[in-house]
Amino acid sequence: MVSINQEQEKFQKSLREFLTSARESGQQITAEQAEAFFEEQNLNEEQRAMVREYLEMEQIDIVGAEKKERKKREELPLSPEEEHFLKFYLEELTVPEELVEEEKEALFHAAAAGDALAKSRLLEYYMPKLPEIARGVYDQSVFFGDLVQEGSVSLLLALEHISETEAEQSLLDEIRTGMEALLEEHHYKKHQDEAVVHKVNRLKDAIEELSDGEEMDFSVAELSAYLDLSVEEIEDILRLTGEDQ
């Protein structure tokens with residue numbers, strides 16, 4: 001039997017691939033592509049609405065669909081705890097002097113050739129710039145410090161396979177992509193948690209409606225037919241609520 005977690009992982013992978021395809025197409029998909037994805041994933045109307053909302057948060061246009069006025073992403077204020085993190089983060093770093101283009105090119109050239117010292121200098125140079133990049137994607141859904149830390153991991157990974165072609169832009173893109181991936185994962189889990197809660201509430205409501213206030217037992221098959229959910233989904237929900245004993 002496929003568990004809810006396995007289904008979530010499978011759907012999350014499909015959604016990530018769909019989002020990547022949309023970004024490669026200029027931050028847009030067609031209404032037909034969206035519909036094909038919904039059909040492939042066997043989503044109901046409520047789930048489709050959640051995916052549309054998710055795409056909107058990720059600034060993806062569905063061409064041909066009814067459009068809402070998109071709000072420009074604004075730089076949102078940090079919480080006091082996040083401000084404290086930022087202050088401490090910057091105080092702990094030695095902020096290097098700005099590099100002229102020739103110096104950057106020389107460092108990227110050496111780093112691409114495997115020069116460890118050049119990689120170290122680039123790491124030192126870009127670490128203080130991570131908060132600025134994080135502010136560009138920050139939406140208050142995750143702790144600001146987590147975005148910065150994710151950026152530092154992405155920076156380290158990017159430096160391990162840096163190329164001389166559009167080196168700086170490629171590096172910055174990888175950092176931003178790492179931060180955005182963290183946000184995407186959080187948004188997806190939030191939607192999935194809400195979907196599971198909704199299913200649990202639907203199950204409880206169905207039991208109350210069928211019993212009409214009296215204590216009655218219902219088979220999983222009966223609940224499955226009443227709610228139009230698979231037997232596997234009903235069993236997974238019952239396990240989550242501890243009512244499968």
Study note, to complete from the structure: Out of (1) among the charged types (D, E, K, R); (2) assigned to a helix (DSSP H, G or I); (3) over 26 Å from the mean Cα position of the chain (by Cα), the one residue 168 does not meet is (3)
Study note, to complete from the structure: Counting only residues in region 53-83 that are under 18 Å from residue 133 (Cβ atoms) and of a type in the set (A, V, I, L, M), the one modelled with the lowest pLDDT is identified as 76
Study note, to complete from the structure: Among the residues of region 26-50, the number that are closer than 20 Å to residue 177 by Cα and among the hydrophobic types (A, V, I, L, M, F, W, C) is 1
Exercise for review: Go through the residues of region 114-126 one by one and say whether even a single one is touching a helix residue (DSSP H, G or I) at 6+ places or on another chain (Cβ under 8 Å) and at pLDDT below 90.
Suggested key: no
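Name every residue in region 49-62 that is farther than 21 Å from residue 186 by Cβ and of a type outside the set (Val, Ile, Thr), in order of residue number.
Across region 49-62, the qualifying residue is only 61.
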Review point. Got a sec? Which of 133, 175, 162 is part of a helix (DSSP H, G or I), open to solvent by 10 Å² or more (accessible area, probe 1.4 Å), of a type in the set (Val, Ile, Thr) and closer than 22 Å to residue 97 by Cβ?
Key: 133
Review point. So is residue 101 out of contact with any Ser or Thr (no Cβ under 8 Å at 6 or more places or on another chain) and either among the hydrophobic types (A, V, I, L, M, F, W, C) or modelled with pLDDT of 85 or more (or both) or not?
Key: yes
Study note, to complete from the structure: Taking region 107-130 and keeping residues in a helix (DSSP H, G or I) and exposed (fewer than 14 other Cβ atoms within 10 Å of the Cβ) leaves 116, 117, 120, 124
Practice item. From (1) at pLDDT 70 or above; (2) out of contact with any helix residue (DSSP H, G or I) (no Cβ under 8 Å at 6 or more places or on another chain), pick out the condition that doesn't hold for residue 148. Key: (2)
Exercise for review: Look through region 17-46, keep the residues that are in contact with a helix residue (DSSP H, G or I) (Cβ under 7 Å, 6 or more places away or on another chain) and of a type outside the set (A, V, I, L, M), and return whichever of them is modelled with the lowest pLDDT.
Suggested key: 41
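The values are calculated or read from the model by the stated rules, or taken from the named source; none is laboratory data. Since we're looking at a predicted model, the values are computed, not measured. Cβ sites come from the backbone with ideal geometry, for glycine too, and all protein chains shown count toward neighbours. Remember, those area values only see protein heavy atoms, side chains included, never the ligands or the DNA or RNA. Shrake-Rupley method; radii C 1.70, N 1.55, O 1.52, S 1.80 Å.
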